[in-house]
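These notes are about the structure you will find just below.
Each value in this text was obtained by applying a stated rule to the coordinates, not by laboratory testing. Predicted model, so just to flag it, every value in this text is computed and none were measured. When we count neighbours, we look across all protein chains shown, and the Cβ atoms used for this are built from the backbone with ideal geometry, even at glycine.
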Amino acid sequence: MSLLDFYRGWRALFFFLLGAWLVERWWVRQLRQGLRLHREMRFSWAQVGDRLEERFTLENRALAPALWVTIADHSTFLHAPARRATGVQGRGHTRWTVHHTCTRRGLFTLGPTVIHTSGPFGLLPLTLNFPESRTLLVTPPVLPLPPIEIAAGGRAGEGRPRQASLEPTVSAAGVRPYQPGESMRHIHWPTSARRGTLYSRRFENTPASDWWLLLDLCADAHTGQGDDSTLEDAITLTASLAARALSGRRAVGLGMYGQRLTWLPLAAGDTQRQRIMQHLALAEAGDQPLGTLLTRLENRLRPELSLVLITADTRPAWLEALLPLMRRGVLPTVLLLDPRPYGGDSPQALLETLHARGIHAHLLPPALFTRPEAAPGRRGRWEWKVTPLGRAIPAMPEDLRWVSE
């Protein structure tokens, strides 16, 4: 009798496990057909320092509840995959929000997402892959820049303002030697005939010239690693200068040579700002020196422009490529990032050479980019305002001072 009872126990266990397996299989099939995950974000682009909010909705269309669910987020926007554990009842849904702070520039993906779950007994694990993803472009931060003197190119802004002038008229203020590439309409023929060489008129009360921004992306010119490098400081400075010039209704062009040559012709307005920010967000260091960039763009720059060079290269080799532009009447301004805090060489010799040649030059320390008010979102010291288009932007302070040598 005891032997028969023993076999009856195994039989009961067998039927119990069989029933559990059948229930588990039905449960998992229900979850496979019923679980859906939705991700929502309001913006497709942001700026370093922005705080973003993403909403997740886990929907269960099946009758069986999901007792436990693990969601793994494999977005490239995150430094590491994020995980969350939750549950959802049958024919129900659950929502939660995730807050992100943009700390790096670049093009990222939100997704894909993987869900892990099972039935009530955990006998049949279920993995659901949601390959859907969307891109998020994070542009460099735009910092509040102190006043900086940019040399005006050509005839624009080179004359003295007339104090008694009631309207912004354009009048000749004098003459100067003619520069190759200038328009023949600006030549002052009586003075040219009298002195035996060409002279151009100088104008007063003329509008400020447009800006050409040339960014040095040569890897050998920069020091530091990752975010703590002169390369990231240079990209941030270029973005800030472009935003400042465009807000002042100037036309801005951008040239840089990283993995490929980037050349954005002069333009003004919000569309040009978006183009510049997009290219700066994707900028990577290359092997082409600044001199190569200047040589390739020599014939595309006219004297009426302000040329702004952003570099951390303390070697004077690129000056040889700058001299032909200066002879054509282009007046450059060099913004030199100080490489010493990152282990680079002293820029003093180059600064003395630039000043000796009459080139406007400013030395920018890393402290300009690391002060608290220059890092929105990290300490929350900025106040935020919402534009009519619904974008949150920082209300930037304006009481900063430029450090130059």
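Can you tell me the alpha carbon radius of gyration of the stretch 34-139 divided by the globular rule-of-thumb value 2.2 N^0.38 Å?
The value comes to 1.16.
Fully extended, how many nm does the chain gain between Asp345 and Thr292 (0.36 nm per residue separation, minus their Cα-Cα distance)?
Details: separation 53, 0.36 × 53 = 19.08 nm, distance 2.18 nm.
My answer for the length gained is 16.9 nm.
With a cap of 16 neighbouring Cβ atoms within 10 Å, and only residues DSSP puts in a loop, list the trypsin sites (Lys or Arg not before Pro) found in the stretch 32-102.
Working: sites: Arg32, Arg36, Arg39, Arg42, Arg51, Arg55, Arg61, Arg83, Arg84, Arg91, Arg95; in loops: Arg42, Arg61, Arg91.
Filter output for the stretch 32-102: Arg42, Arg61, Arg91.
Would you mind getting me the FRET efficiency between Ser192 and Met326? Use the beta-carbon distance for r and R0 = 30 Å, nearest 0.05.
Working: r = 22 Å, r/R0 = 0.72.
Computed FRET efficiency for Ser192 and Met326: 0.85.
At what distance in nm do the modelled label points of Leu124 and Asp270 sit from each other, each positioned 7 Å from its Cα along Cα→Cβ?
For Leu124 paired with Asp270, the spin-label model returns 5.4 nm.
Find how much the distance from Leu261 to Trp96 grows on full extension, using 0.36 nm per residue of separation minus their present alpha carbon separation; answer in nm with one decimal. Spell out each step's value before the answer.
Values: separation 165, 0.36 × 165 = 59.40 nm, distance 4.35 nm.
Residue separation times 0.36 nm, minus the Cα-Cα distance, leaves 55.1 nm.
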